[in-house]
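I have placed the structure first, in the form of structure tokens, so that the comments after it can refer back to it.
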Amino acid sequence: MFVNGIVVQSYVDNSYRGIDGSGFGKNSAQNWFLNDREDISDYFVSYYDEKIGKTYWNLEDHTWIAACNDMDYIYAYVREAEKRKIKYRLLLCETDVPDPKFDGSDLEKRFLGYDYAYGTGDNYSAVYNEVPFVFPQFKLNQYGLFQTREEIEKYIAAREEFKRTHPPLTLEEGVFDIFRLHEITGVK
């Protein structure tokens, strides 16, 4: 897997700690939460659009994940969130998609698990939105994610079989990626 970079996500106190950041619902986190504010510097939005959110431009060849590999931008984002007293967390993302590339070796991190989600900005997660309701036979870890790559691949196979045997659009359609996630706990 490639280490793609960091996603800044609003902090919510729930058992799911994955990449889904749509912000829908009371206990749902939001990815890149400053970008939706009217009172935010244009720097954050324009940088995101040019350097991070370009997943929308690459849907056909799917070569980009909406993660940041620029620590200066991450630090600026975090400082702005702290100034506004917004709780956040930092997710280190690894996928099979080659870009962006990020070293990340100087980060202290805690392994969270494997998620299956869109590579785009809100990162809709099939694991978060489907496993508890459609696939309860799969057991998730304490972070609401799969513990191993093997387990998530079994889920993906079951999901594909479900799509073949049920009416179209019963499950979310789109380009999903396997995410190996870590929560950043510090910088060495």
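The values are calculated or read from the model by the stated rules, or taken from the named source; none is laboratory data. Since the model is a prediction, treat every value here as computed from it, not as a measurement. Don't worry about glycine lacking a Cβ; one is built from the backbone with ideal geometry, like all the others, and counts go over all protein chains shown.
Annotations for the structure displayed:
- In the stretch 93-104, the residues that are under 7 Å from G5 (Cα atoms) reach residues that are of a type in the set (K, R) with C-beta atoms within less than 8 angstrom, at least six apart or across chains, in these pairs: C93/R180.
- The helices (runs of 4 or more DSSP H) found wholly in the stretch 69-172 and carrying at least 3 residues that are on the phi < 0 side of the Ramachandran plot and loosely packed, with under 15 Cβ neighbours inside 10 Å occupy 71-83, 149-165.
- Considering residues of the stretch 105-150 that are in contact with a Lys or Arg (Cβ under 8 Å, 6 or more places away or on another chain) and free of Cβ contacts under 8 Å to residues at least 40 places away in the same chain only, the residue nearest to Q9 (Cα to Cα): R149
- Condition met for G144 (of a type outside the set (K, R) and either modelled with pLDDT of 95 or more or touching a helix residue (DSSP H, G or I) at 6+ places or on another chain (Cβ under 9 Å) (or both)): yes
- No other residue among I178, I86, I184 is over 13 Å from R17 (Cα atoms) and within 17 Å of the chain's Cα centre (by Cα) apart from I178.
Residue-by-condition table, conditions (1) within 25 Å of E153 (Cα to Cα); (2) modelled with pLDDT of 95 or more:
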{"site": "G53", "(1), (2)": "no, no"}
{"site": "Y56", "(1), (2)": "no, no"}
{"site": "H62", "(1), (2)": "yes, no"}
{"site": "L112", "(1), (2)": "yes, yes"}
{"site": "G119", "(1), (2)": "yes, no"}
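- Reported count of residues in the stretch 1-34, each being more than 14 Å from the chain's Cα centre (by Cα) and assigned to a strand (DSSP E or B), is 1.
- Matching residues in the stretch 1-38 - criterion: being surrounded by 20 or more Cβ atoms within 10 Å (Cβ to Cβ) and charged (D, E, K, R): R17, D20
- Hits in the stretch 35-47 (condition: in a helix (DSSP H, G or I), out of contact with any strand residue (DSSP E or B) (no Cβ under 8 Å at 6 or more places or on another chain) and either within 13 Å of G121 (Cβ to Cβ) or touching a residue at least 24 places away in the same chain (Cβ under 8 Å) (or both)): N35, Y43, F44, V45, Y47
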